[in-house]
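Notes follow the structure.
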Amino acid sequence: FTGKTGSELLTEKLKKFKVSEYQSVPIVVEEDVSVYDAICMMFLEDVGTLFVTDESSNLAGVLSRKDLLRASIGNQDLTSIPVHIIMTRMPNITICRQDDLLIDAAQKLIEKQIDALPVVHDTDDGMEVVGRLTKTNMTKALVELARDQHL
Ligand code: ADP
């Protein structure tokens with residue numbers, strides 16, 4: 001018997017969760033894709049955040065639902081606006097890595113008031129997007145914790 005309280009045990013378990021265990025597949029578009037095509041992609045792939053890559057396939061930006069809505073209001077021709085005009089761009093992107101603790105990634109989502117983080121690997125000239133970590137992934141972790149699947 002360790003003498004640990006229930007909440008101490010829960011915290012201990014939570015602190016073993018890694019980003020890699022909960023991340024989803026990233027949905028990526030290139031930076032010269034139109035706002036129109038990005039909206040189609042968001043619906044087809046059923047995600048709330050798209051990641052944008054440059055010509056070397058490195059992370060260049062992020063597109064949220066509201067970024068696309070904002071660009072759509074009062075704009076006639078969404079097929080002629082490339083997403084790099086409206087995206088949130090590097091170096092202002094909050095990222096995480098596969099071996100980060102899930103709880104640290106959750107803290108970033110709260111601090112920055114965003115819905116998703118790209119999971120990245122470093123490359124020679126930038127960062128490659130290897131995953132997507134969202135509030136939904138966090139909810140799944142919470143449910144698992146409650147069901148004691150990590151005992
Ligand atoms: P929404 O805008 O649909 O409410 P978010 O809250 O995720 O979705 O996004 C808010 C703003 O923050 C958007 O302008 C978006 O481009 C930006 N954003 C989203 N994710 C990130 C991120 N990981 N790093 C930096 N900025 C981000």
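Glu31 to Arg65: FRET efficiency via 1/(1 + (r/R0)^6), r the Cβ-Cβ distance, R0 22 Å, to the nearest 0.05?
So, using R0 = 22 Å, E works out to roughly 0.75.
Suppose every Lys and Arg Cβ carries +1 and every Asp and Glu Cβ carries -1, with no other charges. What dipole size does segment 6-146 come out with about its Cα centre, to the nearest 20 debye?
Approximately 740 debye in magnitude.
Net charge near Leu50: determine it from the other residues with C-beta under 13 Å of the C-beta of Leu50, scoring Lys and Arg +1 and Asp and Glu -1.
So the surrounding residues net to -4.
Report the net charge of residues surrounding Lys15, where surrounding means a beta-carbon distance below 15 angstrom and charges are Lys +1, Arg +1, Asp -1, Glu -1.
-3
Using only DSSP helix segments of four residues or longer, with each worth -39500 (n - 2.57), what per-residue ellipticity at 222 nm results for the chain after dividing by its residue count and rounding to 500?
My calculation for the chain gives -10500 deg cm²/dmol from helical runs alone.
Past 18 Å, Cα to Cα, is the threshold; run Lys18/Lys108; Lys13/Lys108; Lys66/Lys112 against it and keep the listed order.
Listed pairs above 18 Å: Lys13/Lys108.
Of all beta bridges DSSP finds with both residues in segment 18-125, what is the antiparallel percent, to the nearest 5?
Bridges in segment 18-125 that DSSP calls antiparallel: roughly 70 percent.
Test of understanding: extend the Cα→C-beta vector of Asp122 to 7 Å, then name every residue of segment 86-105 with backbone N under 16 Å from that spot.
95-100
Please turn the phi angles of segment 121-131 into ³J(HN,Hα) values with the Karplus equation 6.51 cos²θ - 1.76 cosθ + 1.60 (θ = phi - 60°), one per residue in order, whole Hz, x for glycine and proline.
Ordered by residue, 3J(HN,Hα) equals 10, 6, 10, 4, 10, x, 10, 9, 7, 10, x Hz.
What is the local net charge at Val25, summed over the other residues whose Cβ is closer than 10 Å to its Cβ (Lys, Arg +1; Asp, Glu -1)?
Charge balance near Val25 sits at 0.
Contour minus end-to-end for Leu10 and Glu45, with contour as 0.36 nm per residue of separation and end-to-end as the Cα-Cα distance?
9.2 nm
Below 8 Å, C-alpha to C-alpha, sequence gap of six or more: please give me the relative contact order for segment 2-151 in percent.
Once divided by the residue count of segment 2-151, the mean separation gives 29 percent.
Which order do Lys16, Lys108 fall in if you start with the one that has the fewest other Cβ atoms within 10 Å?
The fewest-first ordering by Cβ neighbours comes to Lys16, Lys108.
Taken together, the values in this text are just the output of simple stated rules run on the coordinates, not laboratory data. Quick caveat, the model's predicted, so the values are computed rather than measured. When we count neighbours, we look across all protein chains shown, and the Cβ atoms used for this are built from the backbone with ideal geometry, even at glycine.
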